[in-house]
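See below for the structure under consideration.
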Amino acid sequence: MNQDDLANIAAQTKQGDSRYDHVIKVCVAAGCLSANADQVKTQLESEVKQRGLETCCKVKGVGCMGLCAAGPLVAADANEKMFQNVTPADATAILDSVVDNKPAPAAIVMDSQLDFFTQQKKIVLENSGEIDPERIEDYIAADGYEALFHVITKLKPLGVIEQITKSGLRGRGGAGFPTGLKWTTVHKAAGTQKYVICNADEGDPGAFMDRSVLESDPHRVLEGMAIAGYAVGANKGFIYCRAEYPLAVKRLRVAIRQAESSGLLGNNIGDTHFDFKIEIRLGAGAFVCGEETALIASIEGGRGTPRPRPPFPAQSGLWNAPTLINNVETFANIAPIIRRGGEWYASIGTEKSKGTKVFALAGRVNNTGLIEVPMGMTLRDIIFKLGGGIPEGRKFKAVQSGGPSGGCVPEQFLDIPVDYDSLASVGSIMGSGGMIVMDETSCMVDVAKFFMDFCMSESCGKCVPCRVGTTQMHNILERISEGRAETHDLDLLKRLTGMVKEASLCGLGQTAPNPTLTTLRYFMDEYRAHIEEGRCPAGICHPVKAEAEVGV
């Protein structure tokens with residue numbers, strides 16, 4: 001396939017869609033499918049056929065529309081009409097509304113002008129909820145693979161890296177390392193064999209950003225990886241995805257087959273001398289395999305445990321070859337940066353945190369789901385505008401950003417901008433984009449214990465500070481929550497957090513203390529209530545002392 005072929009496919013696909021008066025899109029991402037969205041789509045197709053509307057009305061499955069709390073979601077006519085909590089029985093009413101402009105039942109009508117939709121800026125998610133993720137033609141019609149052809153026919157590898165560097169894009173996997181600098185390092189590394197790895201081992205509790213992108217727009221990630229391969233001199237790529245994402249894996253496999261059949265992956269891409277092939281490797285669900293050296297060990301067939309650095313993977317990674325590792329969201333940013341230029345991307349966001357960020361909003365918030373916002377939007381706007389505030393009129397208490405590696409940010413910091421530096425200044429991190437909201441019914445001691453239990457269980461056990469330190473921290477938190485701790489346990493807990501943070505081998509141990517550190521810092525009164533009064537202010541824990549007082 002060459003550029004003319006690509007343009008012809010795009011034109012034909014657009015022309016084919018333009019002949020329909022109405023296009024009804026049904027979300028077929030995992031969240032909506034779990035609520036029978038596939039049955040909704042089948043019933044809508046049946047209803048269209050029964051009414052003889054096949055020539056003017058098209059029903060198609062699309063990726064995630066974002067507002068998972070209201071799924072299954074259906075949208076029609078450029079999203080002017082949207083429907084929520086749809087069941088197969090609603091198919092008749094939806095067609096009546098779309099085709100005949102009759103009013104639909106209020107229970108299923110959704111306002112397309114909600115802040116949740118209007119306050120977002122979509123770059124990574126620009127195709128999500130718009131294209132059929134299992135049709136390469138839909139992706140091509142949305143300017144898909146245009147950036148790849150531009151790169152391999154008009155730019156030198158260093159020219160590609162220059163645009164990525166100009167963009168200011170930082171790795172979206174958690175650490176926020178400058179993407180352009182990482183690509184430059186791999187490009188300059190000696191070696192005839194180099195590799196590109198997409199880290200899709202998303203393991204944070206409450207996080208589903210990467211899963212959604214892979215389910216909704218898999219070709220976008222493949223295109224980003226191929227562009228990266230050209231830039232750094234690699235001809236082979238691997239996507240390391242956890243096996244708990246069966247729909248994402250299925251659609252990735254479909255996308256890879258389609259791209260190979262179309263000549264967009266494989267040998268001599270675009271009638272050039274550039275070769276790039278991609279394979280999928282499934283992870284067994286070990287959280288530590290999100291760390292790049294543990295991930296590499298797993299791909300190589302070994303146990304997923306981290307190794308000391310240096311050397312870094314950019315110099316010696318997969319099978320000791322220079323290896324570029326970025327996560328799903330990072331690769332999903334590449335094609336639009338190439339299409340529109342690094343300076344365009346750098347104009348979005350803040351001085352040190354460029355572009356947008358995808359977040360998975362979860363927990364005690366009305367609008368749970370997936371959002372993409374410019375870097376620098378405040379926590380307050382994210383939670384109360386896009387998130388719709390706290391359910392049942394309860395009071396906001398804290399938000400956990402960055403998953404088990406992040407920190408709990410209290411109400412006093414709701415107006416800080418969400419960027420790498422601002423979150424770090426209050427003891428949290430951006431992480432990969434998980435954001436769990438908590439209200440007054442959450443006990444912060446219990447929250448710290450939950451995340452420490454997770455990190456303790458997921459520790460690979462290779463280094464003593466993480467293996468033993470997380471266990472001891474969890475034991476102390478458990479004693480506190482049960483009312484069996486003494487005041488001196490708080491001092492011991494603080495000393496342990498410092499030891500684990502400074503002495504652990506990899507990022508899992510180094511960041512595991514963050515939830516405990518921030519809850520100690522901002523919610524010390526709750527710790528003291530458990531220890532000194534035998535009382536859990538949130539009513540979650542049942543301290544021994546409190547039970548003794550009532551004769552239990």
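Of K385/K449; K166/K462; K188/K277, which pairs sit farther than 27 Å apart, going by alpha carbon to alpha carbon?
Over 27 Å Cα-Cα: K385/K449; K166/K462.
Take the alpha carbon atoms of segment 62-107, find their radius of gyration, then divide it by 2.2 N^0.38 Å using N residues; give the quotient.
Cα-based Rg divided by the globular estimate yields 1.09.
Counting other C-beta atoms within 10 Å, and keeping those with at most 16, which DSSP coil trypsin sites (Lys or Arg not before Pro) do you find in segment 270-374?
Those that pass, being in a loop and sparsely packed, are R303, K352.
How do I152, I325 line up, fewest other C-beta atoms within 10 Å first?
By the 10 Å Cβ count, ascending: I152, I325.
Could you tally the net charge around K102, taking each other residue with its Cβ under 12 Å from the Cβ of K102, Lys/Arg +1 and Asp/Glu -1?
-1
Could you tell me the distance between the Cα centroids of segment 299-368 and segment 25-41, to the nearest Å?
Comparing the Cα centres of segment 299-368 and segment 25-41, I get a distance of 29 Å.
Find the Cα radius of gyration of segment 144-346, compare it with 2.2 N^0.38 Å by division, and give the number to two decimals.
Ratio of Cα Rg to 2.2 N^0.38 Å: 0.94.
Among bridges DSSP assigns within the chain, what percent are antiparallel (round to 5)?
50 percent
Over its Cα atoms, what ratio of radius of gyration to 2.2 N^0.38 Å does segment 356-439 give?
0.94
Cut-off is 10 Å between beta-carbons; in what order do H273, H187, H474, H530 appear when sorted fewest neighbours first?
So the ranking, lowest neighbour count to highest, is H273, H187, H474, H530.
Based on the alpha carbons, how large is the Rg to Rh ratio for the chain when Rh follows Kirkwood?
Using Cα coordinates only, the ratio equals 1.00.
Report the Cα-based extents of segment 25-140 along its three principal axes, largest first, to the nearest Å.
Cα spread of segment 25-140 along its principal axes, largest to smallest: 38, 33, 25 Å.
Treat every Asp and Glu Cβ in segment 144-346 as -1 and every Lys and Arg Cβ as +1, leave all other atoms uncharged, and give the resulting dipole magnitude about the Cα centre to the nearest 20 debye.
Rounded to the nearest 20 debye, it is 280 debye.
Compute the distance from the alpha-carbon center of segment 380-394 to that of segment 461-507, in whole Å.
With segment 380-394 and segment 461-507 each reduced to a Cα centre, they are spaced 33 Å.
On a C-alpha basis, how far is the centre of segment 147-222 from the centre of segment 242-265 in Å? Whole number, if you could?
So the separation of the two Cα centres works out to 18 Å.
Mind checking the log10 I(q)/I(0) for segment 391-550 at q = 0.19, 0.20 Å⁻¹? Debye, one equal scatterer per Cα, no solvent, two decimals.
Listed by q, the Debye log ratios stand at -1.18, -1.27.
Hey, fewest Cβ within 10 Å first, where do S46, S97, S212 land in order?
S46, S97, S212
Regarding segment 399-489, what whole-number volume in Å³ per residue does the convex hull of its Cα atoms give?
About 126 Å³ per residue, rounded to a whole number.
Only the coordinates and a few stated rules stand behind these numbers; no lab work does. Just so you know, these numbers come straight off a predicted model, no measurement behind them. Please note: Cβ atoms are built from the backbone with ideal geometry, for glycine as well, and neighbour counts cover all protein chains shown.
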